[in-house]
Amino acid sequence: MSTESVKDRVIIFDTTLRDGEQSPGASMNVAQKLQVALALRDLGVDVIELGFPVASQGDFEAVTTVAERIEGPILCALARANREDIDRTWEALRSAARRRLHVFIATSPLHREYKLKMNQQEVVRRAVEAIGYARERFEDVQFSAEDAARTEPEFLAEVAERAIEAGATTINIPDTVGYTVPSQYSSLIAYLRRHVRGIERVVLSVHCHNDLGLAVANSLAAVAEGARQVECTINGIGERAGNCALEEVVMALRTRHDFFGVRTAVRTERLYPTSRLLSNVTGLQVQRNKAVVGQNAFAHEAGIHQHGMLMHPGTYEIMRPEDVGFSGSHLVLGKHSGRHVLRQRMKDLGYQLDATQLDKLFEEFKRLADRKKEVFDADLEVLIQGYINPGESSSWKLETLSCVSGVGTVPTASVCLEHTDGRKLRDAACGDGPVDAVFKAIERITGQQVRLCSYQVTSVTDGEDAQGHVSLEVETGLQRFQGRGVNTDIITASAQAFLDALNRAARITVPASVSKPVIPSISASA
Ligand code: KIV
Ligand code: ZN
């Protein structure tokens, strides 16, 4: 993108698959990352950060696979400021039509002294060397000064200037620990624009974390001062309290165009489906009152609001639900609906299915439609989860389940599971209640011992045959995994959710040494 066209245009840099994925419980496998990347492309983001190839073999494969299949947006990957990281990232992004290397080094006094054990000039030298080396391969090189918001402004300006001289095309100013406040952050951006020679030739970018709930506010304040790239994630997922929420920053810029005078290329009507898709893929629920994409975002309960809305929607509504693709819970299909209608509906929901996935989903859908009069979007979203992991090994499916519980009896469950490798195993267990007994029987069969951290039952849709939705979180060693299950029988839904979490745990092999949430950080010897 030329610097001219970015004057009133804000570049949306999505880092859901890199910084977002570092959120506990948000790990995704390659097939899931591909689904999310396709949805991000359809959403119209400018840059997709695919991962950190050096962090693990899984990250490397995910970046390579997605880079081979996605066209349109710039595809980016992260590297520390050293040759090995840059070489590995080059390999991972080699097949991308439009690629960007994102190289970073920390600049704040705390990071310099305790993490890097480098003085200011060593940090500058390392950044300059890395950028120069990166430019031998990549035309598009983004430089991030990690913990920039807590760096001395004069030193930050020096690093930025030297990075530009070395060939960086985007300079990113992260608020890595979500420490800054809007007026301070916007002053920093203004300061850099005044004091860094050559800053007008590059894109000035912001990357805010949400530890104080200020990530979106800080990003917007920076845009008002001339930043022209915002780094963000769908649903604001990310380490700790998360990153700047893409949907919020995009809708703020659009709704308050009168104030900011800038635009993005995001197709806002894809925001809600993309948010749902990510939530379904990761199992991380979106809070009901979340701005823009929460279930309550467009609900007006109070009588006075409803009255005003009937007179004129603008009285209490600053965005229209359709502007963000919010459609409520739709009755979409019934048992006479055909394959074509199913494919179209899944596409509207953000899923790109190949012929095999569609065939399998169609069979399941017909079975569900026989059991249930009305099939809603939420029902389809649950069905699809089993089919976006083609060829995955290590996956268990519930075959049969029976359980006895009641007053004066010990709750007991008998469960039969089928593994993708063809094994069918059965076992029984007693528990404190029927759900506990089912979980214990499943643990005995799979041999996976986990700690249940949370368990919640809600109703997915309305109506007398509404499905019960179980969402839970389990912990295995260092990592947490989400699981979801939906069924008209909540014990069955619980078993499905538990298996879903165990299957995610088995699929995602993140070695403990690079387990999220720790980004490998540059060391003095690296
Ligand atoms: O928060 C941060 O500083 C980062 C950088 C690697 C850009 O994620
Ligand atoms: Zn970050």
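The values are calculated or read from the model by the stated rules, or taken from the named source; none is laboratory data. All of these numbers come straight from a predicted model, not from anything done at the bench. With ideal geometry, Cβ positions are generated from the backbone for all residues, glycine too; neighbour counts draw on all protein chains shown.
Screening T458 on (1) outside any loop (DSSP other than H, G, I, E, B); (2) at pLDDT 90 or above shows it passes everything except condition (2). Scan the stretch 203-220 residue by residue and report those that are within 12 Å of ligand 2 (Cβ to nearest atom) and farther than 16 Å from A190 by Cα. Once the filter is applied, which keeps residues that are within 12 Å of ligand 2 (Cβ to nearest atom) and farther than 16 Å from A190 by Cα, the stretch 203-220 yields C208, H209, N210, D211, A215.
One line per residue, one yes/no per condition, for (1) in contact with a Cys (Cβ under 7 Å, 6 or more places away or on another chain); (2) within 15 Å of ligand 2 (Cβ to nearest atom); (3) in a helix (DSSP H, G or I); (4) not hydrophobic (A, V, I, L, M, F, W, C):
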{"position": "V159", "(1), (2), (3), (4)": "no, no, yes, no"}
{"position": "I164", "(1), (2), (3), (4)": "no, no, yes, no"}
{"position": "T180", "(1), (2), (3), (4)": "no, yes, no, yes"}
{"position": "S186", "(1), (2), (3), (4)": "no, no, yes, yes"}
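Considering (1) within 14 Å of ligand 1 (Cβ to nearest atom); (2) farther than 29 Å from D348 by Cα, the lone condition that R94 does not fulfil carries the number (1).
Which of the residues belonging to the stretch 317-339 are at pLDDT 80 or above, touching a helix residue (DSSP H, G or I) at 6+ places or on another chain (Cβ under 6 Å) and closer than 23 Å to V292 by Cβ? Of everything in the stretch 317-339, those that are at pLDDT 80 or above, touching a helix residue (DSSP H, G or I) at 6+ places or on another chain (Cβ under 6 Å) and closer than 23 Å to V292 by Cβ turn out to be I318, M319, D323, V324, G325, F326.
Here is the figure for the stretch 92-128: residues that are part of a helix (DSSP H, G or I) and more than 13 Å from L50 (Cβ to Cβ) total 17. Considered as a group, the residues in the stretch 358-392 that are within 13 Å of Q32 (Cβ to Cβ) and in a helix (DSSP H, G or I) include one that is modelled with the lowest pLDDT, and that residue is Q385. In the stretch 186-215, the residue that is surrounded by the most Cβ atoms within 10 Å (Cβ to Cβ) out of those that are of a type in the set (V, I, T) and free of Cβ contacts under 8 Å to residues at least 40 places away in the same chain is V206. Criterion applied to V230, V223 was being in contact (Cβ under 8 Å) with a residue 40 or more places away in the chain, within 16 Å of ligand 2 (Cβ to nearest atom) and not basic (K, R), and the one residue passing it is V230. Whenever a residue of the stretch 129-151 is modelled with pLDDT of 95 or more, its partners that are basic (K, R) and within 15 Å of ligand 2 (Cβ to nearest atom), lying with C-beta atoms within less than 9 angstrom and at least six residues away or across chains, give the pairs A130/R80. Restricted to the stretch 398-427, and to residues there that are surrounded by 15 or more Cβ atoms within 10 Å (Cβ to Cβ) and of a type in the set (A, V, I, L, M), the residue that is farthest from A497 (Cα to Cα) is L425. Residue count for the stretch 219-257 under the criterion of being outside any loop (DSSP other than H, G, I, E, B) and either over 17 Å from P182 (Cβ atoms) or of a type in the set (A, V, I, L, M) (or both): the result is 21.
Picking from residues in the stretch 261-311 that are assigned to a helix (DSSP H, G or I), aliphatic (A, V, I, L, M) and out of contact with any helix residue (DSSP H, G or I) (no Cβ under 9 Å at 6 or more places or on another chain), the one that is modelled with the lowest pLDDT is I304. Residue check: is P174 within 26 Å of the chain's Cα centre (by Cα) and under 27 Å from S186 (Cβ atoms)? Spelling it out, P174 is indeed within 26 Å of the chain's Cα centre (by Cα) and under 27 Å from S186 (Cβ atoms).
Which ones in the stretch 141-156 are away from ligand 2 (no atom under 16 Å from the Cβ) and surrounded by fewer than 20 Cβ atoms within 10 Å (Cβ to Cβ)? Explain how you work it out, then say what you get.
Just the residues of the stretch 141-156 that are away from ligand 2 (no atom under 16 Å from the Cβ), to begin with: 141, 152-156.
Hits for the stretch 141-156 are E152, P153, E154, F155.
Counting only residues that are away from ligand 1 (no atom under 14 Å from the Cβ) and either crowded, with 23+ Cβ neighbours inside 10 Å or among the small types (G, A, S) (or both), the stretch 228-237 holds 2 of them. Which of the following residues is surrounded by 21 or more Cβ atoms within 10 Å (Cβ to Cβ), away from ligand 2 (no atom under 16 Å from the Cβ) and either in contact (Cβ under 8 Å) with a residue 24 or more places away in the chain or over 17 Å from the mean Cα position of the chain (by Cα) (or both): Q22, Q35, Q57? Sole residue among the options that is surrounded by 21 or more Cβ atoms within 10 Å (Cβ to Cβ), away from ligand 2 (no atom under 16 Å from the Cβ) and either in contact (Cβ under 8 Å) with a residue 24 or more places away in the chain or over 17 Å from the mean Cα position of the chain (by Cα) (or both): Q35.
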